[in-house]
Amino acid sequence: AGRLPQAEAIYRQILQTEPDNPRALRLLGLIAFQVGKHDIAVELIGKALSVKPDYAEAHNNLGAALQAQGKSDAAAESFCQALVLKPDYAEAHYNLGIVRKTQGRLDAAAESYRQAALFKPDYAGAYNNLGNVLQAQGKLDAAVASFHKALAIKPDYADALNNLGNVLHAQGRLDAAIDCYHKAISIRPDYADTHSNLGNVLKDQGELDTAVEHYRRALALKPDYFVAYSNLLFALGLHSGCLPAQYLVEARNYGSKVLAQAEPYTHWPVRPAGPGIEPLRVGLVSEDLKNHPVGFFLENVLAHINLARIELVAYPTQPQEDDLTARIKPRFSAWNPIVGLSDQEAAQKIHANGIHILVDLAGHTGHNRLPVFAWKPAPVQVSWMGYLASTGIPGMDYLLADPVSVQESQREHFTETVWYLPDSLYCFTPPAASTKLVPTPLPAMRNGYITFGCFQNTSKVTDAVLAVWGRILQSLPQARLRLQIKQLKEPAARERMQRRLARAGIGPERIMMEGTVFSREGYLATHAEVDIILDTFPYPGITTTCEALWMGVPTLTLAGNTLLSRQGASLLTCVGLQDWIASDEQDYVARALAHAADVNQLAQQRAGLRQTVLDSPLFDAPRFALHLEDALYGMWRQKRGLDRTSGVEG
């Protein structure tokens, strides 16, 4: 980089005598590109091509400059033109792969990277990027193989080590992932992405303190690294030692940093909406419009939304689709992916669509697009369901909750205004396999002892939780504990959990440990082996609690003092099971022992629990859809009435 001014001077001198020298024009454009002057790069390289239209290298460079401007379609055209002129041009194949992935065209991207590697067998970058695409396609084993090819060519390739760690994490091979991240950091100590990714694995292992350290290290290296900040906030939300006021300080700080890089809209091209006029145009931003807990909760609600009142527009943040996607797509008037768009581009797209209310379904979870909301592309913006704490985004107007999950005294824990739904902020969609899977008789009747169960991630099963479970099992010498946790398919994770259980006074003879059951039907069937679910705290189950109730298994939960920690209490209140809600650890133990002692009552409850919950508001989609519609209209009226400084363009 230090020699760029010298090179620039040489090329400008050439142009003084040869104004149309295509090579000098291209190389000057390439220098402009390298220093971030993309408009100048496009202009200079364009001049080179006007002189020499068959200049393959210039088409490739022009594509890179256009891609840097966010003009993916034009960039793809340039790379394709380079390949017409030079079919074995590995770099152009590689660059086209980058564009195709940005566009969400994963099959085309994979083929481009394969072509790059075909024409340049030692192209480590092509194998690395191919691995990323394969992971995005869910082809995890193939992704691992591709990263290994990159590392065979370039053993000190920190990017490939980082990415290999990501796919190993996705496979549940946590210790192997950690090893990759440590190797990447040893090569590049200032690799902020790897510190953040390492924090994610440590979080999943329940090592929250160490995870937080790595997130903070990532932010020290890259202060505007919003992904790491979201990871930090998510971890702090899980941390029993982080008070709501402390979390809110961090959330506000995140919001300030995001806002500093945005230019919020103050006028919106939205049509008048209301009864007898036009429906509210509501956008949903999520990566989870598929087989995912968010998708499970959405499906039944969307099927009952009155489209005469609410017009739905989808903004998927990831390209993957599945059978659930296919079922819900017809409920949307438009399906507008924002995959690969910058925050500004995504905001411009949403703003131009005339959205009245924009709803975020991710919060500080993976692949969120919260920074887009800082641009305020819609006049009213709402956080719902996907994240159970404040986002900290200044432009996020409301957060949907219910009276149990956010008590009046806790409203001050949010930068958003809390808007209450009357029953629950969730409505569960009965599993598609429900016609074949029915609740079984109480297993304690045949076993002669109570089997407690937990189907959560290890990040939720803290030592404090295990200590309380230990007190329960010590009081019930015949009882067993079944842990069905995806991370436990890894031997090292099982050994680690065994040691933690032993410290809590729970011997191996009392434990059944199982890893992932890959089909949802198979997972639901495992409830036949469990009498009572023991909820985790302060991060309780949500989807798992609803699924257990559907399968006839009650959950014992502990109500905390945050939106997150009160979800179990909210769900159980909604289905009328208040006697399964504990107020503190002592009450949790006492209720577990009391319920376990009344096996006949457990058996009777199990037989009727599915119908009980089916008749409750938690499973009543028409009721919930109406409440949600009313809430959206209420927020629209309130916000538009309060905000006199901004405009609605008709």
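One table, with the values for the structure above:
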| quantity | calculated |
| --- | --- |
| Residues that are without any contact (Cβ under 8 Å) to a residue 12 or more places away in the chain and under 28 Å from the mean Cα position of the chain (by Cα), drawn from segment 112-140 | Lys139 |
| Exclusive hit being assigned to a helix (DSSP H, G or I) and surrounded by fewer than 24 Cβ atoms within 10 Å (Cβ to Cβ), set Ala76, Ala82 | Ala76 |
| Segment 177-202 residues that are small (Gly, Ala, Ser), paired with ones that are open to solvent by less than 70 Å² (accessible area, probe 1.4 Å) and outside any helix (DSSP H, G or I) (beta carbon under 9 Å, 6 or more apart) | Ala177/Gln171; Ala184/Tyr157; Ala184/Tyr191; Ala192/Tyr225; Ser196/Tyr225 |
| Segment 332-364, residues that are over 24 Å from Val99 (Cα atoms), open to solvent by less than 50 Å² (accessible area, probe 1.4 Å) and assigned to a loop (DSSP other than H, G, I, E, B) | Phe332, Asn353, Gly354, Ile355, His356, Leu361, Ala362, Gly363, His364 |
| Only listed residue being open to solvent by 30 Å² or more (accessible area, probe 1.4 Å), modelled with pLDDT of 95 or more, touching a helix residue (DSSP H, G or I) at 6+ places or on another chain (Cβ under 7 Å) and within 22 Å of Ala158 (Cα to Cα), chosen from Tyr113, Tyr127 | Tyr127 |
| Positions within segment 295-331 being under 27 Å from Pro272 (Cα atoms), crowded, with 19+ Cβ neighbours inside 10 Å and out of contact with any Asp or Glu (no Cβ under 9 Å at 6 or more places or on another chain), in sequence order | Val301, Leu302, Leu312, Val313, Ala314, Tyr315 |
| When residues of segment 516-562 are limited to those that are open to solvent by 40 Å² or more (accessible area, probe 1.4 Å) and among the aliphatic types (A, V, I, L, M), the one farthest from Val461 (Cα to Cα) | Ala525 |
| Helices (runs of 4 or more DSSP H) within segment 146-210 that include 3 or more residues more than 25 Å from Leu238 (Cα to Cα) | 158-170, 174-187 |
| Any hit, segment 39-52, residues being of a type in the set (Lys, Arg) and not in a loop (DSSP other than H, G, I, E, B) | yes |
| Counted residues, segment 624-634 - those being of a type outside the set (A, V, I, L, M), open to solvent by 50 Å² or more (accessible area, probe 1.4 Å) and touching a residue at least 12 places away in the same chain (Cβ under 8 Å) | 1 |
| Residues of segment 495-515 classified as in contact with a Lys or Arg (Cβ under 6 Å, 6 or more places away or on another chain) and surrounded by 15 or more Cβ atoms within 10 Å (Cβ to Cβ), total | 3 |
| Residues (basic (Lys, Arg) and either under 15 Å from Ala56 (Cα atoms) or touching a Gly at 6+ places or on another chain (Cβ under 8 Å) (or both)) located in segment 67-100 | Lys86 |
| Residue count, segment 448-477 (criterion: assigned to a helix (DSSP H, G or I), closer than 19 Å to Glu509 by Cα and in contact with a strand residue (DSSP E or B) (Cβ under 9 Å, 6 or more places away or on another chain)) | 4 |
| Residue list for segment 241-279, filter: assigned to a loop (DSSP other than H, G, I, E, B), closer than 26 Å to Ala192 by Cα and touching a residue at least 40 places away in the same chain (Cβ under 8 Å) | Gln261, Ala262 |
| Hits in segment 10-32 - residues which are over 11 Å from Ala58 (Cβ atoms), part of a helix (DSSP H, G or I) and open to solvent by less than 60 Å² (accessible area, probe 1.4 Å) | Tyr11, Ile14, Leu15, Ala24, Leu28, Ile31, Ala32 |
| Yes/no for Leu219 being surrounded by fewer than 24 Cβ atoms within 10 Å (Cβ to Cβ) and either modelled with pLDDT of 95 or more or of a type in the set (Val, Ile, Thr) (or both) | yes |
| Scan of segment 38-55 for residues that are farther than 14 Å from Glu77 by Cβ and aliphatic (A, V, I, L, M), ordered by number | Ile40, Ala41, Leu44, Ala48, Val51 |
| Answer from Gly560, Gly505, Gly541 - the residue that is more than 30 Å from the chain's Cα centre (by Cα) and assigned to a loop (DSSP other than H, G, I, E, B) | Gly505 |
| Some residue of segment 603-623 being without any contact (Cβ under 8 Å) to a residue 24 or more places away in the chain, within 27 Å of Ile532 (Cα to Cα) and charged (D, E, K, R) | yes |
| Per-region count, segment 165-200, residues at pLDDT 95 or above and either crowded, with 21+ Cβ neighbours inside 10 Å or of a type in the set (Lys, Arg) (or both) | 19 |
| Test set (1) surrounded by fewer than 24 Cβ atoms within 10 Å (Cβ to Cβ); (2) at pLDDT 95 or above - Arg105 fails condition number | (2) |
| Ala245 vs. criteria of a type outside the set (Val, Ile, Thr), more than 22 Å from Pro538 (Cα to Cα) and open to solvent by 50 Å² or more (accessible area, probe 1.4 Å) | no |
| Residue match in segment 249-272 (condition: modelled with pLDDT under 90 and open to solvent by 40 Å² or more (accessible area, probe 1.4 Å)) | yes |
| Selection within segment 222-242 - open to solvent by 30 Å² or more (accessible area, probe 1.4 Å) and out of contact with any Leu (no Cβ under 9 Å at 6 or more places or on another chain) | Lys222, Pro223, Asp224, Val227, Phe234 |
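A quick yes/no check of all residues on (1) open to solvent by 20 Å² or more (accessible area, probe 1.4 Å); (2) of a type in the set (Gly, Ala, Ser); (3) part of a loop (DSSP other than H, G, I, E, B):
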| site | (1), (2), (3) |
| --- | --- |
| Ile393 | no, no, yes |
| Met396 | no, no, yes |
| Leu399 | no, no, no |
| Val406 | no, no, yes |
| Arg411 | yes, no, no |
| Cys427 | no, no, yes |
| Pro430 | yes, no, yes |
| Pro441 | yes, no, yes |
| Arg446 | yes, no, no |
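The values are calculated or read from the model by the stated rules, or taken from the named source; none is laboratory data. None of the values given here were measured: they were computed from a predicted structure. Cβ atoms come from the backbone with ideal geometry, glycine included; neighbour counts cover every protein chain shown. When the accessible area is computed, the model is the full protein with side chains, heavy atoms only, and any ligands, DNA or RNA have been set aside. Shrake-Rupley method; radii C 1.70, N 1.55, O 1.52, S 1.80 Å.
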